Amino acid sequence: MKTFPSKNIRHVAVIMDGNGRWANEKKMPRSAGHRAGASNVRRVVDKFKNIGLKYLTLYAFSTENWARPEHEIDTIMELLVSTANNQLADLDESNIKIVHIGDKMGLDPKVKRSIETCEDITRDNTEMTLCIAFNYGGRAELLNAIKILLSDPNIKDHPDEELIEKHLYTHNIPDPDLIIRTAGEMRLSNFLIWQSAYSEYYSTETLWPDFDEHEIELALHAYKLRTRKYGTISE
């Protein structure tokens, strides 16, 4: 089993929600909201890097998001590729390692190549690991791990937590200490189901395109006031 993290925060995961509502409030097309949301990613990444965070996970596209209108999906895919092309050199220069978590199968070849290029170029970077959850679903992740275990003839005993974790997308990445969700929603939406068992949860009414450095400070302050007991009794 993984050891529980210390009080010092190591991993923050963010459910980036509210792009569509941001656009609607401004009487703009939803695509404008997604573009504003994509532009906000670098601001958030830089803030967390500057405070010394070692792992940041951003929930960019879920397995359920395929049910959205085709033109909206096309916009999101185009934004992933363009953002990667525009930001990759700077992220690499900043010593940030990019890791994809999710299923690459079924993605457009151009999108898949863009993801793999980001991973390959930044593979040896050490300042911070930026995990992009794209085409990700917590249930699909667990199902994939179970299928691997069932197909492995070398596994004779009942699997334990360590063996299951070994086959998750997040293998070698610590569980999130804090999960932030923007836009006021109060659910995980199939995000890091296994990994979030003891994560602290923070929700803000702020929409993702407006989630700035000040909002990050508020979230981190709220986290510092929490007592993490992991089933024990606090002193």
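One table, with the values for the structure above:
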item: Amide N proximity, segment 19-60 versus ASP90 label position 7 Å along Cα-to-Cβ, cut-off under 15 Å; result: 36-50
item: Paramagnetic label zone (point 7 Å from Cα along Cα-to-C-beta, HIS71; backbone N under 19 Å) in segment 13-28; result: 19-28
item: Whether segment 71-116 is rounded, prolate or oblate, judged on the alpha carbon gyration tensor where a/c under 1.5 counts as rounded; result: oblate
item: Estimated dipole of segment 1-123 in Debye, rounded to 20 [Cβ of Lys and Arg +1, of Asp and Glu -1, Cα centre]; result: 560 debye
item: Heavy-atom surface of segment 161-229, accessible at 1.4 Å and reported per residue (Å²); result: 48 Å²
item: Cleavage-rule hits, GluC sites (Glu not before Pro), segment 192-234, DSSP coil, Cβ neighbours within 10 Å at most 12; result: GLU205
item: Using a Förster distance of 22 Å, the FRET efficiency for SER151-ASP103 (Cβ separation, nearest 0.05); result: 0.85
item: Surface share of carbon and sulfur [accessible, 1.4 angstrom probe, percent] for segment 131-227; result: 53 percent
item: Options [x] 63, 32, 30; [y] 52, 43, 42; [z] 56, 47, 35 - which one matches Cα extents along the principal axes in Å as calculated here; result: [z]
item: Phi to ³J(HN,Hα) by Karplus 6.51 cos²θ - 1.76 cosθ + 1.60 over segment 93-105, Hz, x for Gly, Pro; result: 4, 7, 6, 9, 8, 9, 10, 8, 10, x, 9, 7, 5
item: Interchain or long-range residues, amide H under 5 Å from THR206's placed H; result: ALA183, GLY184
item: Percentage relative contact order, segment 11-67, counting C-alpha pairs under 8 Å, at least six apart; result: 50 percent
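The values are calculated or read from the model by the stated rules, or taken from the named source; none is laboratory data. Because the structure is a prediction, the values reported are computed rather than measured. Virtual Cβ from ideal backbone geometry, glycine too; neighbours counted across all protein chains shown. Areas reflect the complete protein model, heavy atoms only, side chains present, ligands, DNA and RNA absent. Shrake-Rupley method; radii C 1.70, N 1.55, O 1.52, S 1.80 Å.
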